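Below: one structure, written as structure tokens.
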Amino acid sequence: MATFDPQFAHDILLPIAEAAYLQTLASDSLPSDYTVVGQITADTNKAQALAATAPANHQAMIQNLMSDGNFFGWVVENTQAKIAVVAFRGTLDLEDWLHNIDVLLTSYQPVANYGTVHKGFQLYYMTVRDSVLSLLKQIDSSCNRLIVTGHSLGAALSELAAPDIFHNGQIGNASISLVPEVQNFAGPRVGQHDFASIFDVQIDVCFRVVNIWDIVPNVPPPLIFEHAGLAVRIDGGFTLDELVAHSLEKSYGPGLLKLIPASGAPLPVTAIPNAATAIPNGVLIGREP
């Protein structure tokens, strides 16, 4: 079983997830030795076509998201470490996004018989899918590790992208394919039990970093929707301000730092069901609905 590395998540993945919100990248926006492969962009015509047949609240959500621009993140790589990262941004207006969220379902489109997912989240992914698959082909062929990440809605997109990349993506040369890892932040539930079950069998690594004070990982509701992968619980600091609790900079970064021991010795790992009796500051990793 893969081990969650809070140092890597804090030093590498978190700043890349933050950079996904930037329309342009300065040289100091990425961790050292990481360079840009290309920008993930939405197909405006496809977005308009999908929105035209969508429910009113989905139309409002896609229009709000596209009003921020048709950029949805970046694909970056570190050729020395042979790592590539696909990073999706979330919405810039969390309140509007939460207000319009619903429980509408649809079949996962990129792969047949792969279960049922949130209709609105998939609508977003389908607008950027062609861009993602195209950028994967531009990754250096020496890459032997592909990580898909994102924050908030971007985390949902990362989980929808992973099975598509696994079944339909090509990394660099046409003959090279990788099983993607998912390591994301503050993600909502994406699909039903059927999707999560297949996902967990095929995607070997999926760590969802979850601040215990953040409400977004608790939507849409359980019983109807179910999380895939494993939750990594962090304490970003008590706050009643959801924007702060959901913030990469203000809560997720500080929460990850608490998991990095000054001594370099590994912290204890405790399953989520035993969280109430866990060792303080331990890494709480486990399945949750």
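The set of residues from the stretch 66-92 being modelled with pLDDT under 95, over 17 Å from the mean Cα position of the chain (by Cα) and in a loop (DSSP other than H, G, I, E, B) comprises 68, 69, 70. When 146, 133 are checked against the criterion of being touching a residue at least 60 places away in the same chain (Cβ under 8 Å) and either surrounded by fewer than 24 Cβ atoms within 10 Å (Cβ to Cβ) or assigned to a strand (DSSP E or B) (or both), 146 stands alone in meeting it.
Of the listed requirements (1) surrounded by fewer than 20 Cβ atoms within 10 Å (Cβ to Cβ); (2) in contact (Cβ under 8 Å) with a residue 24 or more places away in the chain, residue 169 misses just one: (1).
The lone criterion from (1) touching a Gly at 6+ places or on another chain (Cβ under 7 Å); (2) surrounded by fewer than 24 Cβ atoms within 10 Å (Cβ to Cβ); (3) not in a helix (DSSP H, G or I) left unmet by residue 117 is number (2).
Could you say which residue among 209, 201 is part of a strand (DSSP E or B) and either under 30 Å from residue 178 (Cβ atoms) or out of contact with any Ser or Thr (no Cβ under 6 Å at 6 or more places or on another chain) (or both)?
From the options 209, 201, the qualifying one is 209.
In the stretch 207-248, which residues are farther than 14 Å from residue 94 by Cβ and acidic (Asp, Glu)? Result: 226, 235.
A count restricted to the stretch 212-234 and to residues that are closer than 24 Å to residue 260 by Cα, of a type outside the set (Val, Ile, Thr), in a loop (DSSP other than H, G, I, E, B) and out of contact with any Phe, Trp or Tyr (no Cβ under 7 Å at 6 or more places or on another chain) stands at 1.
The numbered conditions (1) within 21 Å of residue 22 (Cα to Cα); (2) among the hydroxyl-bearing types (Ser, Thr, Tyr); (3) out of contact with any strand residue (DSSP E or B) (no Cβ under 6 Å at 6 or more places or on another chain) are all true for residue 53 except (1).
Residues that are free of Cβ contacts under 8 Å to residues at least 60 places away in the same chain, at negative phi and small (Gly, Ala, Ser) within the stretch 226-249 comprise 231, 236, 245, 247, listed in sequence order.
The values are calculated or read from the model by the stated rules, or taken from the named source; none is laboratory data. None of these values were measured; they are calculated from a predicted model. A quick note on method: Cβ atoms are made from the backbone with ideal geometry, for glycine too, and the neighbour counts reach across all protein chains shown.
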